Each structure stands twice: as C-alpha cells, then as structure tokens.
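Since the structure comes first, as structure tokens, the remarks are kept for the end.
The values are calculated or read from the model by the stated rules, or taken from the named source; none is laboratory data. All figures in this text were calculated on a predicted structure; none of them were measured in a lab. Glycine gets a Cβ as well: all are built from the backbone with ideal geometry, and neighbour counts include every protein chain shown. SASA here: full protein model, heavy atoms, side chains in, ligands and nucleic acids out. Shrake-Rupley method; radii C 1.70, N 1.55, O 1.52, S 1.80 Å.
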Amino acid sequence: KRPAGAPDKGLARDVNKVGIVGAGLMASQLALLFVRRLEVPVVLTDLDQERVDKGVGYVQAEIDKLVSKRRLDPGKAAKYRGLVSGSVDKAAFADADLVLEAVFEDLKVKKQVWAEIEKIVRDDCVLATNTSSLSVTEQAADLAHPERVVGLHFFNPVAMMPLLEVVRAAQTDDATLATAFAVGKALKKSSVLVKDAPAFVVNRLLTRFLGVVTSSVDEGTPIDVADSALDPLGLPMRPMALLTMVGPAVAHHVAETLHHAFPDRFGVSPNLAKVVGAGKRGFTDADGNPDPEVVALLEVG
Ligand code: 3HC
C-alpha cells in the first residue's frame, strides 16, 4: 500500500550509488543499512582520513559480527565489504544518485555542506538530510536545485528501528519524494510523510518525554528515581539509557530548536546543558546507574 502522501512510485529514480556525508556513528550505521538493503556502492566522507577510516572500520566490523551471528552469508558479506568505501574527497560523489548527510546539527554547517556538494553531484542527484530537528526547506533555500532536497530521518539504532520520517520541504518535487519513499521501502523501513516543522513528529514526542524526566531531576528528584518511575509501563529502554543512546548533545539541540520555535511549550533542562558541557555520555553510566560526576554537577531548584 502506498504510504499517505507518497507520489506515484513510477516517478522514483534509480539509486545505484549512495554517498554519505559524515562518518560518525549515525553515518556509519546508515552506510551499513544502505549496503545491506540496496546492495549498491556506498561512500562515506568526513573531514579527515582518521574519521573516514573509523567509519568504514565500523561497517566492516558490523559485517563480521553479522557473519559470526549467522545472520549473513559469508558470500554476501564479501560482496558488502567490497561495496563500502571511504574518502576525504567528496568528488567521490560525482556519480552518486543519492547523498545523505549525517553531520553536526547546525544549519550553517549543513548549508555549507550542501553548497559544496551541489558543485560535485549531478543536477538530479537526490540530497537527503538526516537532521533530527532542523528545517529542510532552509537547508535547500540557497541551492540551484532545491527541488531535490528531502529529509530522511532515521532512528537509533538504525538497524533495529522500523520508522523513517520522510520530510517534504517546500521545494521538494514529486520525483524526489517518490525516490525517498522507494528508498525507504528498499531499506525495509515504514516510511511516513511528515511536515517540515521543527523536530518533525517523533522528536517532539521524544523531547517531551525526556524533558519530563530531566525536569524532574532539575526539580530535585534523584536521577535513579526519575529514571525508573516508568518501569511498570514496560518500555524497551529506560529514559536515561535512551538519552545516552540518542546522545545528550543531540537531545539538547532538539530541545533548543523546539524551545526556540515554541518557547511556551518546550523548555531546555539546565542540567542536560551541564551534561553536554561536561562531555558526559548522559546522566547515567554504562550500567544505568547515576554517574557520580554528573550527580556532583547537578543544580537543583
Ligand atoms: N546499536 C546497534 N544495534 C543495537 C543497539 C545499538 N545501540 N542496541 C541493540 N542493538 C541490537 C542488538 O545487537 C540486537 O541485534 P541482534 O538481534 O541482531 O543480536 C538487537 O538490537 C536486540 O538487542 P537486545 O536483545 O540486546 O535488546 P532489546 O531487545 O532491548 O532491544 C532496542 C534493543 C531495539 C534498542 C530496544 O531497547 C529499543 O527499541 N529501544 C528504544 C529505542 C528508541 O526509542 N529509539 C529511538 C530514539 S530517537 C532517535 O533516534 C531520533 C534522533 O533524531 C534523536
């Protein structure tokens, strides 16, 4: 069944090569997903060779893990290893049909990335952003071909989460949107069309949810009490583990975007800002216990 709002699938362009901007954890997870599901060459790029090597290394290691878990046939694994590559030179995107960015959440940075990439890629190459909250319309605004820009918002862990938010910017044309939905289907995700509004749909819910937990901590509720209060609901993860997985900097950035857009509806937890400032992985440690260094930092009241 065609997802609500998806154009005729006949308009979709073929995707025979994918470029990924960024080689961090999200970008690397995306590279693995595209290699496995689309079985086409995927090139990761980043600012320096060390980051590129780390990203490609992650994909190769995950392929090895899948083989050892008997989730992937060794023949396919060899094929996938050959399909993933990395480069510091974005010229590697010249013949890509889709370029997906997963770089730092900063509108200026994203716009610079797109301006640079537009000079390299073909005019009909689809440019997709995995932004968690920034306007796709604004990202496309200064491009010569803004009609090929779309949001493809994936969720962590990328391999496990079935949802894909497809974001139509004001300029996105039907062929781009149809390609986005076709890619979502090939990736075996459940795609939904969402408006290009701050933090789209899921991250508004996530920010509200995590915001209630962090604001309880801001008010003086101990971290472990706030974190375990919802255990009887049987959620797959406690909120603080979810916050760690999303990354405090991303969670904080989305909260700021929403606060800026809707100041009366969304706040930003001062203690979340402290966690980010201190470079901590979250409020809790790897075992899910309150991190004593974060406890020492907390400002309550
Ligand atoms: N990265 C990659 N894979 C992971 C992972 C991770 N961080 N955590 C778990 N997995 C994989 C495991 O390897 C395992 O795969 P396998 O079956 O092939 O061995 C599989 O997930 C199941 O793992 P477990 O049995 O250990 O654990 P669970 O059954 O508890 O499932 C979970 C783990 C799927 C992560 C589950 O806890 C869950 O659904 N959590 C909620 C995640 C969520 O809400 N994500 C959305 C975040 S919002 C976001 O990303 C948007 C952004 O813009 C902020």
> What are the extents of the Cα atoms of the stretch 202-295 along their three principal axes, listed from largest to smallest and rounded to whole Å?
Replying inline: 35, 31, 24
>> Looking only at the stretch 9-195, where both bridge partners belong to it, what percent of the DSSP beta bridges are antiparallel (to the nearest 5)?
In response: 15
> Which value in nm describes the separation of the simple spin-label points at N16 and R70, placed 7 Å from the Cα toward the beta carbon?
Replying inline: 3.8
> Sequence-distant or interchain residues sharing an amide H contact under 5 Å with I20, placed H: which?
Replying inline: V43, L44, T45, L100
> At 222 nm, what helix-only mean residue ellipticity would the chain give, in deg cm²/dmol to the nearest 500, using -39500 (n - 2.57) for each DSSP H run of four or more?
Replying inline: -13500 deg cm²/dmol
> Where does the charge balance sit around L243 when Lys and Arg score +1, Asp and Glu -1, over other residues with C-beta under 10 Å from its C-beta?
Replying inline: +1
> Which number do you get for Rg(Cα) / (2.2 N^0.38 Å) in the chain?
Replying inline: 1.03
>> Solvent-accessible area of D89, probe 1.4 Å, all protein chains present, reported in Å² to the nearest ten, please.
In response: 90
> Which of K119/K195; K9/K189; K9/K185; K1/K185; K1/K188; K54/K274 have a Cα-Cα distance over 18 Å?
Replying inline: K119/K195; K54/K274
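So if I take the alpha carbon set of the stretch 145-199, get Rg, then get Rh from the Kirkwood formula, what is the Rg over Rh ratio?
In the stretch 145-199, Rg relative to Rh is 0.97.
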> Roughly speaking, what is the stretch gain from A229 to D8, that is 0.36 nm per residue apart minus the C-alpha to C-alpha distance, in nm to one decimal?
Replying inline: 75.0 nm
> Residue by residue through the stretch 126-139, which ³J(HN,Hα) values in whole Hz follow from phi under the Karplus form 6.51 cos²θ - 1.76 cosθ + 1.60 (θ = phi - 60°), with glycine and proline marked x?
Replying inline: 6, 10, 10, 10, 9, 4, 8, 7, 7, 5, 6, 4, 5, 4
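How large, in percent, is the carbon and sulfur part of the accessible surface of the chain at a probe radius of 1.4 Å?
56
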>> Is there a quick way to get the dipole size of the stretch 202-295? I mean about its Cα centre, with the Cβ of Lys and Arg at +1 and of Asp and Glu at -1; what is the value in debye to the nearest 20?
In response: 360
>> Charges on Cβ only, +1 for Lys and Arg, -1 for Asp and Glu, centred on the Cα centroid of the stretch 202-295; of T244, S215, L205, which one is farthest towards the dipole's positive end?
In response: L205
> In the chain, with Lys and Arg counted as +1 and Asp and Glu as -1 at Cβ, which of these residues, G57, L107, P3, has the Cα nearest the positive end of the dipole, that is, farthest along it?
Replying inline: P3
>> With +1 assigned to the C-beta of every Lys and Arg and -1 to the C-beta of every Asp and Glu, and no other charges, what is the dipole magnitude of the stretch 106-182 about the Cα centre in debye, to the nearest 20?
In response: 180
> Each label point is 7 Å from the Cα along the Cα-to-Cβ direction; what then is the distance between the points at A186 and S85, in nm?
Replying inline: 1.8
>> Could you sort E256, E165, E219, E299 by their accessible area in this structure, using a 1.4 Å probe and putting the largest first?
In response: E219, E299, E256, E165
